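Comments concern the structure below.
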Amino acid sequence: LAASKRYYTENYQGAPEAARMLELAQFEDGRRLEPLIGAEAYAEVQALLRKRQVPDQTIARIKPWAALVNLTVTPEDYERVTLDQKVAALALGRKMRALGLEGIEEQIAVFDGIPLDTQVALLRHALANRDHFVGLIEPTIQAWMKRDLAGMVAVQNRTSARFPEMAAHYAVLFRSIVENRSIVMAHRLFMPLREGRAFIAVGATHLYGKRGLLALIAKQGYRVERIY
């Protein structure tokens with residue numbers, strides 16, 4: 001980081017970007033969440049988001065994928081400042097230029113591009129199986145601490161193995177938010193890598209596999225070396 005001039009992350013989110021994301025995460029065409037997922041599931045979403053001080057009118061209009069994203073569980077013993085936030089603060093403290101590999105509009109388009117039936121199925125499944133997903137947190141962390149990218153993906157794959165009827169929906173999700181975005185990131189990094197002195201921080205799942213960022217960068221002719 002100290003030897004770099006620019007800091008790249010998946011998407012740079014300041015206050016304006018966060019406000020725009022909240023705006024785009026809501027239906028603007030008259031549709032509402034409750035009729036899509038049913039009264040019982042909606043009551044659960046409403047209870048969870050109310051705890052986060054989300055207004056009822058926002059909850060009513062929120063898109064299924066946005067509700068799903070907001071179901072993330074944060075255990076009580078977690079630090080409130082994320083690793084992403086810490087790295088960004090270090091970069092800004094060094095007066096580095098901070099840039100996103102995708103814009104907020106692009107990111108929203110990715111989520112909006114997931115078929116609505118898949119969004120609804122994933123949200124309802126997550127609500128009904130919260131204990132299962134909470135149980136994946138610690139194994140994921142342990143794999144990350146061991147720098148085991150394959151192990152991280154294997155933990156994610158437990159869901160499709162346990163719930164085969166949902167496998168197709170989770171495959172769509174992974175392809176949309178991981179594989180397809182990794183391709184875009186690799187394309188966007190072509191010039192920064194040529195220019196050099198770029199520090200890039202993205203989610204670890206983007207690094208894994210034949211369609212992952214490391215493999216795509218190697219195809220551009222770069223030698224990829226683990227230094228830690």
Subject >> Whole-number accessible area per residue in Å² for the chain, which is evaluated in the context of all protein chains at 1.4 Å >> reply: 60
**OP:** Within region 22-61, find all residues whose amide N lies under 18 Å from a label point positioned 7 Å from the Cα of Val184 along Cα-to-beta-carbon.
**Re:** 22-26
Original post:
How are the Cα pair distances of the chain distributed, in percent, across 5 Å bins from 0?
Top reply: 1, 6, 12, 15, 19, 18, 14, 9, 5, 2, 0
**OP:** For Leu136 paired with Arg20, estimate the spin-label separation in nm (one decimal), with each label point 7 Å from Cα along the Cα-to-Cβ line.
**Re:** 3.0
**OP:** Could you work out the mean projected area of the convex hull around the alpha carbons of region 69-204, in square nanometres to one decimal?
**Re:** 9.8
Original post:
Are there GluC sites (Glu not before Pro) in region 126-228 that DSSP marks as loop and that have at most 11 other Cβ atoms within 10 Å, and which are they?
Top reply: Glu225
Original post:
Quick one: putting +1 on the C-beta of Lys and Arg, -1 on the C-beta of Asp and Glu, what dipole do you get for the chain around its Cα centre, in Debye to the nearest 20?
Top reply: 1080
**OP:** For the chain, set up a Gaussian network in which alpha carbons nearer than 10 Å are linked by springs, and say which option among Ala161, Ala121, Ala186 fluctuates the most.
**Re:** Ala161
**OP:** Mark the label point 7 Å from the Cα of Lys95 along Cα→Cβ and return the residues of region 4-31 whose backbone N is within less than 16 Å of it.
**Re:** 4-7
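What size of dipole, in debye to the nearest 20, comes out for region 62-141 about its Cα centre when the only charges are +1 on Lys and Arg C-beta atoms and -1 on Asp and Glu C-beta atoms?
Computed about the Cα centre, the dipole is about 320 debye.
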**OP:** Just the number, please: carbon plus sulfur as a percent of the accessible area of the chain, 1.4 Å probe, no ligands or DNA/RNA counted.
**Re:** 56
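The values are calculated or read from the model by the stated rules, or taken from the named source; none is laboratory data. As the structure is a computational prediction, the values presented were derived from the model and not from experiment. Positions of Cβ are generated from backbone atoms using ideal geometry, with glycine treated the same way; all protein chains shown enter the neighbour counts. Accessible surface is based on the protein model in full, side chains and every heavy atom, while ligands, DNA and RNA are left aside. Shrake-Rupley method; radii C 1.70, N 1.55, O 1.52, S 1.80 Å.
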